[in-house]
Structures are given as structure tokens and as C-alpha cells.
């Protein structure tokens, strides 16, 4: 049996800011995560974003990857309008709630930027909405998120029992907040 060759992924790009946007006419009013990614070393991503402004919908293949040091990567292989592959790197401890919301909403807004950029300053910049279908990563994610978060809570002085309890409470609150929806407009009312 031949060993399966792994495709070499590009150097990951980092998230410089994250937020969430809810709009009545997009995603049924759901709270969709948004990331501003650092593209200083990736002019091809800037070009893809510019092209997406003037062209119809693009096509993106999506997958998740475990990365070293408690990180995961969202692998986006853009087919149209411009071919480009990128890996958005997420620190699980710092951005676990964001990753969880991306998986739950199965979508993500992406904008480009540089460290220090904030959404409030870039509201009019081009952003794309990417559908993140179920790739089977959810089961892996739930275990990984729990493991990394409990480890972090214990490093801050909680006992194992307290950390497990705090994680359970956190997940309930996080998902309750993530379920927020704006009322949608009904055309027949």
C-alpha cells in the first residue's frame, strides 16, 4: 500500500482581529464570525479579495488542520475567482470561542488587514462570506477545545474538578450567546 502524500500547505496567516456580524438578510440573522487576517506577506490574498468585489460568487474548498502548539488551521483553497490557498492559524486558548462559533454557524466573514486593524475602522472594506461545511472536524474540535481550555484553567490555579466545571459552564454560556439572531424580515408581513 502506498503512503498518502500530504499536500504542502502555505505558511499560515494570523488573525489580527475577530468579531461577529449579524444581519437580517444574511444567514437568517445568525451571529456570523468575522476575522481580519494579516496579509502583509500574501499579496495574492489581497488580489483575490479585490477580484471578489467585481465578480460573481467564488468557489472555496475548506478543511481544518491541527497545527503545533495548541493551534488549528482553517485551510481555504480558493478555486474561483483567483486560485489561492491559505491557512488561517487560530490559537485555541485565545480564539477557541471564535472557532466554536465558526463550526456552529458553518460560515465565516473574512477581511484583510494588518496588526492593529479593528473592525470598527474597516467596516466599509471588502469582506467575503465563506461557507464552512461540516468536514468531520467537529468531534475532534470538541475534545481539543476541552483539553486546551481545561489545561489553561488549571495553569491559572483551578483544580481539575473546578476546571471541568468551569469549562461546562463556559460552553453553555458561549453557545447561548452564539445562538443570538436578529429577527429576519418576512416579505409577506
Identified option (computed semi-axes √(5λ) of the Cα gyration tensor in Å; candidates (1) 28, 23, 16; (2) 90, 29, 10; (3) 33, 17, 16): (1)
Ranking of 102, 79, 88 by count of other Cβ atoms within 10 Å, fewest first: 79, 88, 102
The chain, relative contact order in percent, only Cα pairs under 8 angstrom and at least six apart counted: 26 percent
Ranked 78, 23, 71, criterion: other C-beta atoms within 10 Å, fewest first: 23, 71, 78
Value at 222 nm in deg cm²/dmol, rounded to 500, when DSSP H runs of n ≥ 4 in the chain each add -39,500 (n - 2.57): -11000 deg cm²/dmol
Proxy reagent accessibility, fewest Cβ within 10 Å first, across 118, 104: 118, 104
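Taken together, the values in this text are just the output of simple stated rules run on the coordinates, not laboratory data. None of the values given here were measured: they were computed from a predicted structure. Glycine gets a Cβ as well: all are built from the backbone with ideal geometry, and neighbour counts include every protein chain shown.
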